[in-house]
Structure formats: structure tokens, C-alpha cells
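Got a structure for you, questions after.
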Amino acid sequence: MSELKIHNTLTRCKEVFIPREEGKVRMYVCGITAYDFCHLGHARCYVAFDAVYRWLKHLGYQVTYVQNITDLDDKLIKRAREEGAGESDIKERVSEIAEKFTAAYFEDMARLSVLRADFYPRATEYVAGMVRLIKILKEKGFAYNRAGNVYFEVARFPEYGRLSGRDVGELLAGARVKIGEDKKNPLDFALWKRSAAGEPSWPSPWGEGRPGWHIECSAMSMDRLGPDFDLHGGGQDLIFPHHENEIAQSEAATSRRPARYWLHNGFVTIKQEKMSKSLQNVSNLRDLFRVYPPRVIRFFLLGRHYRSPVDYTEEGLAAAGEALARLDNCYSLALERWGAAALEEADPRAMEECARAMNDDFNTAGALAVAHRLAGEFFNSPEKTEPKTVGAMAGICGILGIELENRLVRIAGRGGGGAIDESELERLLAVKSPGEEEIAALVKFRQALRRTRRFSDADRIRERLAAAGIEIRDNPDGSTTIERIGNR
């Protein structure tokens, strides 16, 4: 089997993966700030790293996977105040909001077939650990206190900017100190914040306050994975400043690099514009689930390499649904022909193709391309195809967390007459002058395709019949009228 290679954001090149401890992988991915429901951008990140997690386990590694929950943040405080929290109950209200949206996150991810991480440390559980880490940074001369606010002094860390590739001089030229801040340098970032009136706070050597956002990941990863681990992941928007700051404070405190490989997934965009709440172009997952099955959304997201942007369109999701339905139909027909036991064997050559794709920086799109090709082999030559071909197709999907469905029962239950026989459909579409039987069969295929939301394939049938001088119209009562255009 080919070697696993990973594109490392830190080195900007693809490297052979060598874990620090043979046979074991320690992996940390930045989790949610639990102040609202998740959107498609969150799904992109956690589905992508779920695929990474699954593949590492498939390779036989013992993986320790940690994902933090930020349950204390300016956004949470703002939401609590908007919901009427006062100074006396702000801490309790923030906690309630965080619990609500953390539970919603787990529900949404379960629907997307995202496996649970091994640990989900929460910021409020690690305040004491963050205080200890800040004390170490101060003792080593990397941090300073200004009236109860403690800042990391970027100038003391010469390699600042290494991850993002940014020049500190250029960053300084564009940086500004916000009103109320008392920093030595505009790039210095908060490790501890003096508590303002009506904010949750904890005791510290510098007075009542709360930790900054960046320090929590360093404290949590060190506690659960040690001072140096294998993989650190998150969205591209975290490269700077969050992960840049995390590297600086962790390495300054321990003199060891916190992670060997840094992975970052691409954005979800809408019309090539980054999806974000501030731009009000966010697609809430729960709204999407009402229109598209969660497995279709997962399939859609895995259809692009994790580092590439994914442009969200209804057409794209509909196409993903159609493509997944085609794999379902292949699986269903194979089950009907050979039974489940025959599909347990997978073609080793096809599985090696999948491995080459996944070992090339977790190329899920490449792995799915292999699955699509195998389905095509079955539909093009069903009599010549061996069960292990479809077994490999199902195996690849299973590795990616996509469980194929036996759609025979579902379609038959809706009056569709069984799974869609793709090879028969293609044969009928190739008939130059369809007779009455071919026309009736194509109409039935079209009805089944529309029920399973394969609209572009249904349109192919309409267009093929139109080219043969036959028009089909969908009536309000669900029936279809067939008319020869030449008879008008």
C-alpha cells in the first residue's frame, strides 16, 4: 500500500506522515463556539476531519482524537445579554446557552454520521490550567501584565508568522490598538482579560477575569495529548491569528512544537463568497436537513478535496443526491442479484485505488471517483460484473462514512416498481425511435427518478422523448400526459 502523505500548512508541502509514536496518532481539531446552531461551514470542517479520523483508523492506527468546546466567549456573553441576563445570573445563563448549542451540535453531527471524538474538553473546565500556563509564559518573559490584562509579547517570539507565511513587519504596518487596550505592540494578543461589569469571571494572580480565546486550545491539547502531538486541524480561517498564536504561546511555554502536521479545510462559499454569519449568507444545517437528507449533504461535502473550497448551490446538492442515488441503486440491484454475503468481498485492486487516493492527502473526491467508476462498470455490463466490484464500491463508501441504502423496498413502497435499473434506462435512452412500450417504460423511469430527486436524469428522459417528437406533461394530480408533437 502507498504511504500516507499529508499537506502540512506549516511547511507548505506534502510530507510522508510519520507519527511521533509508532502505531498511534494524537489528533486535535478546534471545535465550535457554542452560541448558535451549526451551519454548512461547520459541517465542512467536521465531516472533513471525520474522514481523516476514519482513514487513520482504517490504516490501523490507534487514534486519540480531541476536539474542544468553547463555552466561554464574547459571543456567548453577548447572546446571554440579548436574552435578558443580568449581572447576577450572567454566568449561569452563558452556561445554559453553551449546553443548549453543544447538545444541538452533537445531534447535527450524528445525523451527518460524524464519529464522536474521544474527548471534548470545555473552556470553563480548564480555566485553572490556563492560569498555570499564563504564569509560565510570564515567568519566561513572553507575557506581561497591564492593569489586569495579560498579553503575549509577539516580539519575543522570532518565528511568529511561520504558519501563515505573514511578515511581522507588514502585519505591524496594518495593525491598530483598539480603544481600551494597553499593549506594547498592536500584534500582542490577550492571554487573560480583566473582567468587565456583568461578565463571568474567575480569580487569578492578576485579578478577576477570564482567559483569552487562543490560550484554551494550548491548555487543552497539552493536557490531553501532551506538549507535542501529531495532527492539528481546523478551518482555513483559523490559520491566522488563532493557530499562529497557539503555536507561539505553546512553543514559548514548552520549547517544543505543539503539532508536527497542521491541516486546514477550505471554506464553504456562496457565489465564491465565504459563508459567514456576519455576511448573513449562512445556511443553517437544520434548515438544510428539511430539504436534503443528511447523508446527501455529507456526500456533497466529501465530493471535494478537503483543502478546496466548496461552493454551495441547490444545484450542487441536488446533483450530489442524484449521484448518491445511483450508488444506492447499484447496491440495491447487486443485493437482489447476489445477496449481502456475496458483497462482503471487495476487489483488492479497486480498494488499492481507493487507498492511493486517500493516502494522497485524504483525497475523498478521488476515492468517490473510484466508487462511481465501479458502479458504472456494473450498469454497463451487469452480466459480466463480479460481486466483488460492487463490494468494493460499498466498502469505499463505508470507509468514508456513507452507508449505502437498499432502495428496493423504499421505491417499491412508493409505487416505483423496484430499484432503478440503470443499464436498462441507458438502453432505452439509446433507442432512436421508441415505440409505445419504450415510451411507457421511460415515463415510469422518469417518475421514479423524480421521486428520488434525480431531476437532471429525469430531464434527460424528457429531452430524449422530445427529440423523438413526444411531449410529456406533468398534471396537478400527479399523472403524466403523453402526446406526440406531430399530432397537434
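What do you reckon, is D71 more than 30 Å from P19 (Cα to Cα) and buried (at least 22 other Cβ atoms within 10 Å of the Cβ)?
Yes.
This table checks each residue for (1) under 26 Å from the mean Cα position of the chain (by Cα); (2) farther than 30 Å from E208 by Cβ; (3) in a strand (DSSP E or B).
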site	(1), (2), (3)
Y53	yes, yes, no
L56	yes, yes, no
T64	yes, yes, yes
K75	yes, no, no
K91	no, no, no
K100	yes, no, no
E107	yes, yes, no
I134	no, no, no
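I'd like to check which strands (runs of 3 or more DSSP E) are fully inside the range 4-45 and have at least 3 residues that are acidic (D, E) and not assigned by TED's automatic domain parsing to the domain that holds E353.
Hits in the range 4-45: none.
Among the residues of the range 216-251, count how many are of a type outside the set (A, V, I, L, M) and within 20 Å of G165 (Cβ to Cβ).
Looking only at that region, the number is 16.
Could you list, in sequence order, the residues of the range 293-305 that are more than 16 Å from E403 (Cα to Cα) and not charged (D, E, K, R)?
H305
Residues that are more than 23 Å from the chain's Cα centre (by Cα) and more than 21 Å from R260 (Cβ to Cβ): does the range 15-25 have at least one?
no
While we're here: Going by what's in this entry, would S164 be described as closer than 30 Å to G398 by Cβ, in contact (Cβ under 8 Å) with a residue 60 or more places away in the chain and part of a loop (DSSP other than H, G, I, E, B)?
no
Starting from residues that are among the polar types (S, T, N, Q) and under 29 Å from G316 (Cα atoms), keep the ones in the range 456-487 and report whichever is modelled with the lowest pLDDT.
The residue in question is S479.
Is it the case that the range 328-337 has a residue that's assigned to a helix (DSSP H, G or I), surrounded by fewer than 21 Cβ atoms within 10 Å (Cβ to Cβ) and of a type in the set (F, W, Y)?
Scanning the range 328-337, I find no residue that is assigned to a helix (DSSP H, G or I), surrounded by fewer than 21 Cβ atoms within 10 Å (Cβ to Cβ) and of a type in the set (F, W, Y), so the answer is no.
Moving on. I'm trying to understand the selection: among the residues of the range 217-234, which are over 17 Å from T9 (Cα atoms) and within 25 Å of the chain's Cα centre (by Cα)?
Within the range 217-234, C217, S218, A219, M220, S221, M222, R224, L225 meet the criteria.
Another one. Given the range 207-313, what helices (runs of 4 or more DSSP H) lie entirely inside it while holding 1 or more residues that are modelled with pLDDT of 95 or more?
213-225, 244-254, 294-302
Does Y144 satisfy being buried (at least 21 other Cβ atoms within 10 Å of the Cβ) and free of Cβ contacts under 8 Å to residues at least 60 places away in the same chain?
Answer is no for this residue.
Within the range 247-255, can one find any residue that is buried (at least 21 other Cβ atoms within 10 Å of the Cβ), of a type in the set (A, V, I, L, M) and without any contact (Cβ under 8 Å) to a residue 40 or more places away in the chain?
Scanning the range 247-255, I find no residue that is buried (at least 21 other Cβ atoms within 10 Å of the Cβ), of a type in the set (A, V, I, L, M) and without any contact (Cβ under 8 Å) to a residue 40 or more places away in the chain, so the answer is no.
Further question on the same structure: How many residues are of a type in the set (K, R) and buried (at least 16 other Cβ atoms within 10 Å of the Cβ) if we restrict to the range 82-118?
Selection size over the range 82-118: 3.
The values are calculated or read from the model by the stated rules, or taken from the named source; none is laboratory data. What you see is a predicted model; the values in this text were computed from it and never measured. With ideal geometry, Cβ positions are generated from the backbone for all residues, glycine too; neighbour counts draw on all protein chains shown.
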